[in-house]
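Some notes on the structure that comes next.
The values are calculated or read from the model by the stated rules, or taken from the named source; none is laboratory data. Source: prediction; values computed, not measured. Here the Cβ is made from the backbone with ideal geometry for all residues, glycine too, and neighbour counts use every protein chain on show.
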Amino acid sequence: MKQLLILSGKGGTGKTTTAAAFIAFSNAQAFADCDVDAPNLHLVTQMEVEPQKSSYFGSQKASIDAKKCVGCEICVTHCRFHAIQKNGIACEVNALSCEGCGVCTAVCPHQAVRMEDDIAGDLMLYQGTTTFSTAKLKMGRGNSGKLVTEVKQAMASSVQGAELAIIDGSPGIGCPVIASISGVDMVLVVAEPSLSGISDMKRILKTCSIFATKAVVCVNKYDTCVENTAEIESFCKEKDIPFLGKVPYDSHVSKAINEGKSIATVESPAQAALKDVYNKVIRLLEL
Amino acid sequence: MHKRQIKIAVLSGKGGTGKTFVSVNLSACAASAIYLDCDVEEPNGHLFLKPESVSQKPVCTLLPVFDELKCVGCRKCVDFCRFNALAFIGKAPQVFSDVCHSCGGCALICPCGAVTEKPREIGHLECGSHKNVSVITGLLNVGEASGVPVIQAVLQEGSAQTKDFVVIDCPPGIACTVMESIEHADYCVLVAEPTAFGVHNFEMVYELVQLLKKPCGVVINKASAEHTVLDDLCRKEHIPVLCKIPYSEKTALAGAMGQLVSESDKDMHRIFSELLNRIQKEVVQ
């Protein structure tokens, strides 16, 4: 099974819109939403079954037994994440700041600290005629990289005989993005023709290169600034990165999304341009 | 009259709604402000504020170093590490720097004093100024997993200055990087776009600020008269709508070219000055 990951660096460039379109064009048997912070793909893909839900356990969190704690604050001194504070007589752990390292359990002279499981998110796996894996990270949690890996694994282990899996990624270049890049056959970078978009595109392309993953580029809403679009195209040419096409700004897109539909179902300039990019991706993936 | 410093965090949940657009223009309108770019994975504010006299400061985390000669191979450190960052290879443990959280646990637990820690650069700060705005940008090195220590460095650098306003440009999402950025904020400005995705993610970010008990208000960006879901939601939840910035091709193009619209456009200057005043009033209440 070939895996295509859609990234951007910058937020709001159109990753989910593109992913939803490609899923429809390809009749994809498998797809995943790895933007576990703020997943949106389920809003534009209609699944006919209910998902199987499971809890995602991130790092454990420290918990202090107030009855055993004498308030010596040795744990406070050693906590590198400022997650423990004295509250009255005893010390208390702020679960949102706690990174689960366990140093406090090691230094407490009264064995007042223990580590407890923490449900850091929910995984959802839809298995109908297609397999859709997604998840939602809980507020303020870390370990999003690990959750991303579990989303991909859930998809890979439940799908059989699919040729192509489409993965909607998250903005940025940090751990959830790095986790999503691992093991994919190609990354499609959806770029925005703005100075911010160009700066962010360069950083995500560099990330793909550090992790030795092939990347290709397309520009979305290209006519909002043709100058910058041209700059992106020449940057790609200079760096030998396949430039697959330009999608125009199209009011049909937001209308479709607001109706919970993929733009693939609406005859429009954006649909035609996305189909063109899609065909080029398929050729490059040798499918 | 003593003016209390107001720390404003600008966040959104969804990417691309206009956090940087609002942050840089708010900073430029204030008579005295510090702009902190906490979107350390993809910082953009400097493209608009174009700071001068820029100096750089490295940001480092600590990485354990194992002395082969002192190590007795007890593996207490490997067993202790909850991040699977250590593996015993050859005569001593090796560390996987991309998963090490720099907790200091291995150094603490070693019975032979075989573990010391050395700094490892994961990013840097760029500090400069644009007229009356101090501009502090955090940049995470490409390939690094966690920007949290860089965000902490940005916030700490900002706290060394006393200006009337601190504007914190936050990363997208609702994860630990966002939480770190808003932890000490007095007020949260939620920048939302009136689209299906925008509303969905707005609900998430609103939940986060409520969890952290932060007062907040909403800026509806790229607003249009047709889509009122956000207005209805804010009315229902009694969330103040601080201002609505209509979608305009002119503003979009100016943004695409890196222009500070509050300096080049009179109407935009008025919108952002009024927004700043409104935020001040909300904080004082």
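Identify the residue in the range B:80-108 that is more than 34 Å from the chain's Cα centre (by Cα) and at negative phi and, among all such residues, is surrounded by the fewest Cβ atoms within 10 Å (Cβ to Cβ).
Checking each candidate, the answer is B:I89.
Which ones in the range B:83-102 are out of contact with any His (no Cβ under 9 Å at 6 or more places or on another chain) and assigned to a loop (DSSP other than H, G, I, E, B)?
Result: B:N84, B:G90, B:K91, B:F96, B:S97, B:D98, B:V99, B:C100, B:H101, B:S102.
Here is a yes/no grid of residues against (1) in a helix (DSSP H, G or I); (2) within 10 Å of another protein chain (Cβ to nearest Cβ):
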position: B:M179; (1), (2): yes, yes
position: B:H184; (1), (2): no, no
position: B:G198; (1), (2): yes, yes
position: B:Q210; (1), (2): yes, yes
position: B:L230; (1), (2): yes, no
position: B:K236; (1), (2): yes, no
position: B:I245; (1), (2): no, no
position: B:S262; (1), (2): yes, no
position: B:E274; (1), (2): yes, no
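Those residues that are farther than 11 Å from A:S194 by Cα, surrounded by fewer than 23 Cβ atoms within 10 Å (Cβ to Cβ) and either hydroxyl-bearing (S, T, Y) or more than 14 Å from chain B (Cβ to nearest Cβ) (or both), I need them from the range A:207-240; list them, please.
A:S209, A:T213, A:K214, A:V216, A:E233, A:S234, A:F235, A:C236, A:K237, A:E238, A:K239, A:D240
If A:P193 satisfies every condition in (1) surrounded by fewer than 21 Cβ atoms within 10 Å (Cβ to Cβ); (2) under 26 Å from B:T137 (Cβ atoms); (3) within 14 Å of chain B (Cβ to nearest Cβ) but one, which is the exception?
Only one criterion is unmet by A:P193, namely (1).
Under the condition of being outside any strand (DSSP E or B) and more than 11 Å from chain B (Cβ to nearest Cβ), which residue from the range A:122-147 is surrounded by the most Cβ atoms within 10 Å (Cβ to Cβ)?
A:T130
Have a look at B:T251, B:T195, B:T228 and point out the one that is out of contact with any helix residue (DSSP H, G or I) (no Cβ under 9 Å at 6 or more places or on another chain), more than 17 Å from B:V10 (Cα to Cα) and polar (S, T, N, Q). Please lay out each step first, then the result.
Values: B:T251 fails: out of contact with any helix residue (DSSP H, G or I) (no Cβ under 9 Å at 6 or more places or on another chain); B:T195 fails: out of contact with any helix residue (DSSP H, G or I) (no Cβ under 9 Å at 6 or more places or on another chain).
Exactly one of B:T251, B:T195, B:T228 is out of contact with any helix residue (DSSP H, G or I) (no Cβ under 9 Å at 6 or more places or on another chain), more than 17 Å from B:V10 (Cα to Cα) and polar (S, T, N, Q), namely B:T228.
Could you list all residues from the range A:46-57 that are assigned to a loop (DSSP other than H, G, I, E, B) and either at pLDDT 90 or above or charged (D, E, K, R) (or both)?
Those that are assigned to a loop (DSSP other than H, G, I, E, B) and either at pLDDT 90 or above or charged (D, E, K, R) (or both): A:E48, A:V49, A:E50, A:P51.
Looking at the range B:120-153 only, could you name the residues that are within 14 Å of chain A (Cβ to nearest Cβ) and within 30 Å of B:K76 (Cβ to Cβ)?
B:I122, B:E144, B:A145, B:S146, B:V148, B:P149, B:Q152
Taking the range A:148-172, which residues are outside any loop (DSSP other than H, G, I, E, B), within 14 Å of chain B (Cβ to nearest Cβ) and surrounded by 24 or more Cβ atoms within 10 Å (Cβ to Cβ)? Before the answer, list the steps.
Filtering the range A:148-172 down to residues outside any loop (DSSP other than H, G, I, E, B) leaves A:148-158, A:164-168.
Restricting the remaining residues to those that are within 14 Å of chain B (Cβ to nearest Cβ) gives A:148-149, A:168.
Across the range A:148-172, the qualifying residues are A:V148, A:D168.
Quick one: which of A:A62, A:A38 is among the aliphatic types (A, V, I, L, M), modelled with pLDDT under 95 and either touching a strand residue (DSSP E or B) at 6+ places or on another chain (Cβ under 8 Å) or not in a helix (DSSP H, G or I) (or both)?
On inspection, the qualifying residue turns out to be A:A38.
Looking only at the range B:161-177, filter to residues that are more than 9 Å from every other protein chain (Cβ to nearest Cβ) and surrounded by 24 or more Cβ atoms within 10 Å (Cβ to Cβ); which one of those is nearest to the chain's Cα centre (by Cα)?
Among them, the one singled out is B:C170.
Please give the number of the condition B:Y206 fails out of (1) outside any loop (DSSP other than H, G, I, E, B); (2) more than 10 Å from chain A (Cβ to nearest Cβ); (3) touching a strand residue (DSSP E or B) at 6+ places or on another chain (Cβ under 6 Å); (4) of a type outside the set (D, E, K, R).
The failed condition is (3).
What pairs come out if I take residues in the range A:96-117 that are assigned to a helix (DSSP H, G or I) and pair them with residues that are among the small types (G, A, S) whose C-beta lies under 6 Å away, six or more apart or interchain?
Qualifying pairs under 6 Å: A:V103/B:G105; A:C104/A:A62.
Let's see how each residue does on (1) within 11 Å of chain A (Cβ to nearest Cβ); (2) of a type in the set (D, E, K, R):
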| position | (1), (2) |
| --- | --- |
| B:F48 | yes, no |
| B:P51 | no, no |
| B:L63 | no, no |
| B:C71 | no, no |
| B:R75 | no, yes |
| B:R82 | yes, yes |
| B:G90 | no, no |
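If we scan the range B:223-234, do we find a residue that is touching a residue at least 24 places away in the same chain (Cβ under 8 Å), touching a Ser or Thr at 6+ places or on another chain (Cβ under 8 Å) and among the β-branched types (V, I, T)?
There is no residue in the range B:223-234 that is touching a residue at least 24 places away in the same chain (Cβ under 8 Å), touching a Ser or Thr at 6+ places or on another chain (Cβ under 8 Å) and among the β-branched types (V, I, T).
When both residues are 6+ apart or on different chains and their Cβ atoms are under 9 Å apart, which pairs have a first residue that lies in the range B:3-28 and is away from every other protein chain (no Cβ under 14 Å), and a second that is β-branched (V, I, T) and assigned to a loop (DSSP other than H, G, I, E, B)?
Note: pairs meeting the criteria are B:Q5/B:T162.
For B:C216, which of the numbered conditions (1) at pLDDT 95 or above; (2) more than 19 Å from the chain's Cα centre (by Cα); (3) closer than 17 Å to B:I168 by Cα fails to hold?
Looking at each condition in turn, B:C216 falls short on (2).
Looking only at residues that are exposed (fewer than 15 other Cβ atoms within 10 Å of the Cβ) and over 22 Å from the mean Cα position of the chain (by Cα) in the range B:50-66, which one is nearest to B:C112 (Cα to Cα)?
Selected residue: B:V65.
Just the residues that are within 12 Å of another protein chain (Cβ to nearest Cβ), surrounded by 15 or more Cβ atoms within 10 Å (Cβ to Cβ) and closer than 22 Å to B:L62 by Cα, please, taken from the range A:81-95.
A:F81, A:A83
So the check is Cβ under 9 Å with 6+ separation or different chains; which pairs have a first residue in the range A:217-231 that's over 10 Å from A:G245 (Cβ atoms) and without any contact (Cβ under 8 Å) to a residue 40 or more places away in the chain and a second one that's surrounded by 14 or more Cβ atoms within 10 Å (Cβ to Cβ) and of a type in the set (S, T, N, Q)?
Listed by first residue and then by second, the contacts come to A:D223/A:T229; A:T224/A:S194; A:C225/A:S194; A:N228/A:S194.
Within the range B:141-162, does at least one residue satisfy the condition of being in a strand (DSSP E or B) and touching a helix residue (DSSP H, G or I) at 6+ places or on another chain (Cβ under 8 Å)?
First pass over the range B:141-162, keeping only residues in a strand (DSSP E or B): none.
No, every residue in the range B:141-162 fails to be in a strand (DSSP E or B) and touching a helix residue (DSSP H, G or I) at 6+ places or on another chain (Cβ under 8 Å).
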